[in-house]
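Worksheet: one structure, shown below.
FYI, it's all coordinate maths here, none of it is from the lab. Since the structure is predicted, the reported quantities are computational estimates derived from the model, not experimental observations. No Cβ is skipped: glycine too gets one built from the backbone with ideal geometry, and neighbour counts run over all protein chains shown.
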Amino acid sequence: MAGLAATLVRIEETRARPEPADADPVDRQLEIIRLALGAHQPVLPVSTLAEPAELVASVADRNSLLGDDPTAAITWLHRAALVRPELDPLSGLLTHAEAAGVGVTGQLTVAQLPHRPGARWCELPFGTAGPPPAGTVGLLVVAPDGFDPAGPVAGLAVDAWAETIPAREHTAGLAFHYDAPAARPPQAVVLAVHPRPNPERWDLDTLLATVHETAELARLRALSLKEIEGFSGLLPALYLPNNYTRDVPSVSFKGLVELARARGLLTAAAAAGVVGKD
Amino acid sequence: MPDRLWNLPPAELDLELVKLPSVVTWSRLEPLALSPDLTPGLQTLLGDPLWLLARQWQFDELRGEDGGTPVSAVVEVEHAPLSRLHPGAAGPGAATTAVDLVDEDILLEPLVEAEAVARAARVRAEAGLQLLRLLDAAGLGRLRPRVVERWKFPPRHHDERDPQGSARAVVLAGRVPDAGLVEADLAPLDGGDGPLTGMPAGLTVPGGGAAKARAVLGAWLRWYRTQLVAPPGRASWNPHRQEYAFAVQAELPSGRAVLRADEYTTGRLDWADFDAVDGVELGATPAGRTGGTIRKVLVPMPARFPGMPADRLWAFEDGNVYLGGVEAGPTDLTRMALVEFSLTFGVDWFVLPVDLPAGSVVRVGSLAVYDTFGEKVDVGPTRQPGGWSMFGLTPSTDVSRRADLFIVPPVVPHVLEGDPLEEVALFRDEMANLVWGVERIVQGASGEPVNRGRLATPVSLRQRLPDDLGDAAIVYRLMTPVPDHWIPFVAVPMAGGRPGAIELERRPLLHFRDDGTTDLPIRAVSSCAARPRPTWRRTASGWQRRRFPVTARS
């Protein structure tokens, strides 16, 4: 009795305690409930479904969901509890209630989303209609006082899991080795220009010669001075004169490099590639 | 100097320039295509169009080959559903012990792994409640007291060796019929698909309605018997080897195919568990379970896999898988073979998608490939007699028809599995040269799982012997105490086995108790053949639930 009196006093104190203006009024109520019933007393929020129409329709379709077998839901629950430890206490509770004479068959509500009129509940054998479409959600609600999804609801989520229904056919791969040509399209487009200023038309020989020349040039492009030893004094003939008296047009590479460096155009990598005398 | 010069006004500049000697120097631009540094090459820098073509030429991308690209393939695949199952290792006389597989939706794992179990009390109680529900629904609620009284659960007291089961028994006793008793009572009256052939002796329906009661009881009996998957005839479990063994047969158009799975332990069947064998017959194929042939014209697509090297120079490769980073020691032959094959020989493979029905044995009859020039090439199986092979159901020396078989086992990818009802761990004790079998979970009298450690009688740390004075200052202990549920197994030569083969023989162990007594449990000696490989192994049984398109079963 002393404990009870002390609890009552603490509840009164909590009720009388001034709260800050921004406090959530629910918090104080929760505190009072837990003072009275214990710190682990769960308190469920009541919520209202935003769009209950589909669930209402599904709940009303009970007979076709269960295939006119009202016991299908409870037998399914007992069997599922064998493999779902989370479901086991609920299954045991219902067994005990039923052993005591309570009719639990009517307390179980099944529903399925999305609702398909006339469809079987996805947890039961599929029958001739075949498996439900992917993403179908089956719900089992234990509600002794009836379940009305249109009204405010509160409850405990006991368990949830996903089931995979395998396909009847599997796509297998048949692999074979075949020595296919390894040639690949060129990475460049040749825009050929006829060598004569006013050609009447292209002929095949000129075209082939152009392509051949391009191929030759492409291979030459990969050459370096070592491979053309003997001609390396002449080739490549990229000679540029420099005469500071300007008797001939002059190109000063040193000046170009300095200019590029001053403007920040010459990156370190590119600068390393510029070798030779100034 | 020149700078000062160029800053002069033009008139003065000309005067100054004529005073200077005119020397023309020549600079030559020398493009360098090669460099001792590997970095630019590895970066595969782009350049002018000729450079792009030159690099392609260097990498053989411009070489013309005398062949075409495969553009079409005609494949003929024969397939047949699994039609016979032999639980257990299949020998010469397997045809008589094999069973038909006639259900279109067979699942192999439950058929192989199912055990004929005494149903747990909870399952019997839940089924008993279902009988009451059916009676209520049929308007026979008045029969309830008689049904409960006739097939009642025996009363039980609290039993600490089965706490959950005995607690439940208190609730069930006198309130719920025991489905096991009901089934035993109704079995002689089984009327097939119809009502019972008669009412059980002594059970009368007050106020009439016996016909209805017989119908309800008959329906309940059928329901009860299909609740669990029953093993087909005999069990596939081989306790001597701690693994499942079974064989299946399919009737292909070109002849029968028998596949054996002799060492199935994982709980997840796949094609690699099977071996195609010769000389074993599982009997005649039931009607409607013969196979057919699929003939399809398909477009081959190049096989691509993550981490595959690109087959041309300027292409981005998948960066998620880096096969070059796979590390392999000198003995990791499989790993090295995988990397080598992927990096070197991965190109020039083509894939054809073939849809196969689950639960069938398949054989590729023929494959004809047509290239861009219309040339036909017949592609045979990749096989090197006497060499080695992969992805086959036969040894590499086998070049017969069986070597081309493949199985798509009827299994499901996702299984709901409950907590184990029984669990035994076997592990090696190298120091004691023993194998220990540790019973972790056993089933109590009601069928509920019980932690075996709770049931063990406490063992004493002191090992008192007869004539023990008990006043010694120093105690030499012969052995550390071993709990009751640790059972020693000793390796012994296998009777009739090949030389070197061993089996494990169960041995008793002396237990010292706190009260000074000892006991030496003499139990029936059981044995199991040792597999040398695993040093630890767990054997467990429990409930499973699988779903298949048409029917759902537990």
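Data overview
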| quantity | calculated |
| --- | --- |
| J(HN,Hα) series, the range B:300-311, from Karplus relation 6.51 cos²θ - 1.76 cosθ + 1.60, nearest Hz, glycine and proline x | x, 10, x, 6, 10, 9, x, x, 5, x, 5, 9 |
| Rounded, prolate or oblate (a/c below 1.5 giving rounded, otherwise prolate when a/b exceeds b/c) for the range A:1-71 by Cα gyration tensor | oblate |
| Long-range tail of P(r) for the protein assembly as shown (Cα pairs > 40 Å, %) | 64 |
| Separation of alpha-carbon centers, the range B:165-238 and the range B:474-510, rounded to whole Å | 45 |
| Charge sum, other residues only, whose C-beta stays under 15 Å from A:Ala23's C-beta, Lys/Arg counted +1 and Asp/Glu -1 | -2 |
| Calculated log₁₀ intensity ratio I(q)/I(0) where the Debye formula runs over C-alpha points of the range B:459-511, q = 0.20, 0.24, 0.26, 0.30 Å⁻¹ | -0.80, -0.96, -1.04, -1.18 |
| Whole-Hz ³J(HN,Hα) from phi, Karplus 6.51 cos²θ - 1.76 cosθ + 1.60, for the range B:412-423, glycine and proline x | 10, x, 9, 10, 7, 10, x, 5, x, 8, 9, 8 |
| Estimated [θ] at 222 nm from DSSP helical runs (n ≥ 4, -39500 (n - 2.57)) normalised by residues in the protein assembly as shown, nearest 500 | -7500 deg cm²/dmol |
| 5 angstrom amide H check on B:Arg28, placed H, neighbours 5+ away | A:Leu240 |
| Other protein chain Cβ atoms within 10 Å, averaged over every residue that makes up A:74-85 | 6 |
| Aspartates and glutamates with Cα under 19 Å of B:Lys19, excluding same-chain neighbours fewer than 8 positions away | A:Asp247, B:Asp3 |
| Point-charge dipole on Cβ atoms (K/R +1, D/E -1) for the protein assembly as shown, about Cα centre, debye to 20 | 2040 |
| Stokes-Einstein translational diffusion, the range A:47-153 - Kirkwood Rh over all Cα pairs, 1.567 mPa s, 4 °C, in µm²/s | 89 |
| Computed over chain B: relative contact order in percent, which uses C-alpha pairs under 8 Å that are six or more apart | 17 |
| Mean projection area, nm², convex hull over Cα of chain B | 56.1 |
| Percentage, to the nearest whole number, of Cα pairs in the range B:306-414 over 19 Å apart | 66 |
| Taking the range A:47-153 and dividing mean pair separation by its residue count, relative contact order in percent (alpha carbons under 8 Å, at least six apart) | 40 |
| Angle between chain A longest axis and helix A:88-99 axis [Cα atoms, degrees, rounded to 10] | 20 |
| Peptide A:96-103 - average C-beta neighbours from other chains (10 Å radius) | 5 |
| Cross-link reach list, aspartates and glutamates versus B:Lys376, counting only Cα pairs under 18 Å and skipping chain neighbours closer than eight places | A:Asp179, B:Glu65, B:Asp66, B:Glu76, B:Asp348 |
| Shielding by partners - mean other protein chain Cβ count within 10 Å, residues of B:42-50 | 3 |
| Per-pair calculated FRET efficiency, R0 = 41 Å: B:Lys212 and B:Ala116 via Cβ, rounded to 0.05 | 0.80 |
| Loop-resident sites, the range A:140-233, for trypsin sites (Lys or Arg not before Pro), counting at most 16 other Cβ within 10 Å (DSSP) | A:Arg201, A:Lys226 |
| Highest-first arrangement of B:37-46, B:119-128, where packing means the average Cβ count within 10 Å | B:119-128, B:37-46 |
| Debye-sum result for the range A:204-266 in log10 I(q)/I(0), which assumes one identical scatterer on each alpha carbon, at q = 0.15 Å⁻¹ | -0.81 |
| Cleavage-rule hits (trypsin sites (Lys or Arg not before Pro)) in the range B:236-310: DSSP loop, at most 15 neighbouring Cβ within 10 angstrom | B:Arg268, B:Arg304 |
| Cα-based shape type of the range B:169-267, given that a ≥ b ≥ c are square roots of the gyration tensor eigenvalues and the cut on a/c is 1.5 | oblate |
| Length-normalised contact order of chain A in % [C-alpha pairs under 8 Å, at least 6 apart] | 14 |
| Relative intensity, log₁₀ I(q)/I(0), of chain A from a Debye sum that treats every alpha carbon as a point, q = 0.08, 0.11, 0.13 Å⁻¹ | -0.67, -0.94, -1.17 |
| Those GluC sites (Glu not before Pro) in the range A:122-224 that DSSP places in a loop and that have at most 14 other beta carbons within 10 Å | A:Glu200 |
| Cα gyration tensor shape of the range B:121-225, rounded if a/c is under 1.5, else prolate or oblate by comparing a/b with b/c | prolate |
| Proximal charge balance of A:Thr210 [Cβ under 15 Å; K/R count +1, D/E count -1] | -2 |
| 22 Å Cα-Cα reach of A:Lys254 towards lysines, excluding residues that sit fewer than 8 places from it in its own chain | A:Lys277 |
| Environment charge at B:Leu269 (Cβ cut-off 10 Å; Lys +1, Arg +1, Asp -1, Glu -1) | -3 |
